[in-house]
1. Taking only the C-alpha atoms, wrap a convex hull around the chain and report its volume per residue in Å³ as a whole number.
2. Considering only protein heavy atoms, with the full assembly of protein chains and a 1.4 angstrom probe, order Trp19, Trp120 by accessible area, largest first.
3. Quick one: how many Å² of Leu146 are accessible to a 1.4 Å probe, rounded to 10?
4. Just report the Cα centroid separation between the stretch 1-41 and the stretch 93-166, whole Å.
5. Once you list every other residue whose beta carbon is under 14 Å from the beta carbon of Glu35, what net charge do they have if Lys and Arg are +1 and Asp and Glu are -1?
6. Using a 1.4 Å probe on the protein heavy atoms, what percent of the accessible area of the stretch 139-235 belongs to carbon and sulfur?
7. Go through Lys110/Lys222; Lys88/Lys186; Lys174/Lys218; Lys54/Lys126; Lys126/Lys186; Lys186/Lys222 and tell me which ones have a Cα-Cα distance over 29 Å in this structure.
8. Considering only protein heavy atoms, with the full assembly of protein chains and a 1.4 angstrom probe, order Met81, Met95, Met64 by accessible area, largest first.
Amino acid sequence: MAKTILHKANTRGHADHGWLNSYHTFSFANYHNPERIHFGALRVLNDDTVSAAKGFGTHPHENMEIISIPLEGDLEHKDSMGNTTTIKQGDIQVMSAGSGVQHSEYNKNKDVPVKFLQIWVFPNKKNVTPRYGQVSLNEEDRHNKLQQIISPNQNDGGLWIYQNAWFHLGKFDKGFSTDYQFKNEKNGLYIFVLKGGILVNNEILNTRDGYGIWETDKVNIKAESDAEFLLMEVPMIF
């Protein structure tokens, strides 16, 4: 019998710093919920909106796989590895913090906010040499199908991280249905709805709801309306 956990959008932690409006699915910064520390190797899922010309100053990370998925606007990234890049809607960014890295993230635009997901995954290798990756995706490749954006394998579509994790994006028309087959039976799947409504097995999820399922080998996903969502398959024991 599969195990599940449901995190409705309105139960997330919330921090409004003026320049930053952030919703936390899992405990982060001043939001601490002992029932919601992580889902397996998935440690952070922040839904961030950064005001025009504002951002995160230079700060350190270590031993974490950090994934950024822009939803609207342009985010400028600078790091101690010498990278200065801009990520925008359609791009995916990965940074293996490893033995230690510093970076900053700023809204490049002076007139519109930037919205992005900030995701942290515990790595399966510590103190690796810090690493940066970025890719631009074809959004048509997720129309009524699952587009792989992250895996443990280099040259396997999208980007790779130091963890046995697979991420997919879907953009389904109302009524479209498909099964997701787990890559590893010891993994769990965390589903985050970006827009619209989906039915996962028998659970209805709406915009910004999160749903974890494990101890199963596949799930059925059906779009109750036109919908966009993110699938994150991660080890439950790591």
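1. Spelled out: Cα convex hull of the chain, divided by residues, is 119 Å³.
2. In descending accessible area the options line up as Trp19, Trp120.
3. It works out to around 50 Å².
4. 20
5. Local charge sum for Glu35: +3.
6. 38
7. Pairs exceeding the cut-off: Lys110/Lys222; Lys88/Lys186; Lys54/Lys126.
8. My answer, sorted largest first, is Met81, Met64, Met95.
The values are calculated or read from the model by the stated rules, or taken from the named source; none is laboratory data. Quick caveat: nothing in here was measured; it's all calculated off a predicted structure. Because the Cβ atoms are built from the backbone with ideal geometry, glycine has one as well, and the counts that use them run over all protein chains shown. Please note that ligands, DNA and RNA were not included when accessible areas were found on the heavy atoms of the full protein model with its side chains. Shrake-Rupley method; radii C 1.70, N 1.55, O 1.52, S 1.80 Å.
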